[in-house]
Amino acid sequence: MDPRQERSVALLLSHRAMLLAYIVAIVRDPDLAEDVFQNVAIVVLDKAHTVAKDEEFPVWARRVARLESLTALRKRKRAPELLDQSVLELLEDHWSFTDSEPAPARKALRECVETLSPYARRLIQMRFVDEISAQEVASQLNRSPNTIYVALSRTYRHLAGCVERRLAREGS
């Protein structure tokens with residue numbers, strides 16, 4: 001993985017909880033939110049070079065998440081009622097306060113990625129670096145798509161917990 005891709009993955013994973021919460025607030029469906037997050041990840045990895053500074057990443061990623069969420073809702077014929085634009089703006093204002101990404105979190109994430117099993121690293125590589133859809137990953141690994149989504153979700157949770165523990169340990 002080249003340094004730009006590593007940076008993108010690290011930023012994406014460190015902001016996963018915020019992005020997923022933002023997406024769920026828009027689409028109001030946790031399963032759809034996971035699918036949208038996967039699409040956001042692909043866009044982020046493809047276009048992250050357009051973000052000059054790490055501090056700009058959260059705002060940019062939320063814009064991507066918002067557009068991908070609205071696109072997903074339009075593609076669904078029985079989409080839930082959309083949130084009013086003013087509510088989306090309030091969400092954006094709220095999350096803009098949490099946008100600074102301290103260097104220790106990035107360092108912790110890099111260290112935590114090293115703790116992943118080879119299988120989990122392979123999933124991350126295939127899904128986010130190689131930009132293979134979850135369906136195709138499942139096909140290539142001869143697994144069900146649900147198994148892949150569950151494995152990715154567990155990997156995200158593992159990374160989030162690992163980063164939190166490392167940051168807490170460094171803070172004490």
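State which residue is least open to solvent (accessible area, probe 1.4 Å) when the search covers only segment 160-172 and only residues that are touching a Ser or Thr at 6+ places or on another chain (Cβ under 9 Å) and touching a residue at least 60 places away in the same chain (Cβ under 8 Å). Write out each step before concluding.
At the first step, the residues of segment 160-172 found to be touching a Ser or Thr at 6+ places or on another chain (Cβ under 9 Å) are 160, 162-163.
Filter again for touching a residue at least 60 places away in the same chain (Cβ under 8 Å), leaving 160, 163.
Details: Ala160: 47, Val163: 22 Å².
Among those residues, the one meeting the criterion is Val163.
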Next item on the list: Within segment 13-27, work out how many residues are open to solvent by 50 Å² or more (accessible area, probe 1.4 Å) and more than 8 Å from the chain's Cα centre (by Cα).
Entry: 1
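Within segment 1-12, how many residues are in contact with a helix residue (DSSP H, G or I) (Cβ under 8 Å, 6 or more places away or on another chain), open to solvent by 20 Å² or more (accessible area, probe 1.4 Å) and not basic (Lys, Arg)?
Within segment 1-12, residues that are in contact with a helix residue (DSSP H, G or I) (Cβ under 8 Å, 6 or more places away or on another chain), open to solvent by 20 Å² or more (accessible area, probe 1.4 Å) and not basic (Lys, Arg) number 3.
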Notebook entry, point to check: Checking Ser8 against (1) among the small types (Gly, Ala, Ser); (2) modelled with pLDDT of 80 or more; (3) under 20 Å from Arg122 (Cβ atoms), which single condition isn't satisfied?
Noted result: (2)
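Do you know which of the residues in segment 44-53 that are surrounded by 18 or more Cβ atoms within 10 Å (Cβ to Cβ) and part of a helix (DSSP H, G or I) is nearest to the chain's Cα centre (by Cα)? Spell out how you get there, then give the answer.
Of the residues in segment 44-53, the ones surrounded by 18 or more Cβ atoms within 10 Å (Cβ to Cβ) are 44-45, 48, 51.
If we keep only those that are part of a helix (DSSP H, G or I) too, we end up with 44-45, 48.
Details: Val44: 9, Leu45: 10, Ala48: 13 Å.
Only one residue tops the list, namely Val44.
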Next item on the list: Find all pairs meeting these conditions: Cβ atoms under 7 angstrom apart; at least six residues apart or on different chains; first residue within segment 118-145 and farther than 16 Å from Val36 by Cα; second residue surrounded by 18 or more Cβ atoms within 10 Å (Cβ to Cβ) and charged (D, E, K, R).
Entry: Val137/Arg127
Next item on the list: Go through segment 101-159 and give me each residue that's open to solvent by 20 Å² or more (accessible area, probe 1.4 Å), assigned to a loop (DSSP other than H, G, I, E, B) and either at negative phi or among the acidic types (Asp, Glu) (or both).
Entry: Glu101, Pro102, Thr115, Ser117, Asp130, Glu131, Ile132, Ser133, Arg143, Ser144
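The values are calculated or read from the model by the stated rules, or taken from the named source; none is laboratory data. From a predicted model like this one, the values you see are computed outputs, not experimental measurements. Heads up, the Cβs are rebuilt from the backbone with ideal geometry, glycines too, and the neighbour counts pull from every protein chain shown. Heads up: the accessible areas ignore ligands, DNA and RNA and are worked out on the full protein's heavy atoms, side chains in. Shrake-Rupley method; radii C 1.70, N 1.55, O 1.52, S 1.80 Å.
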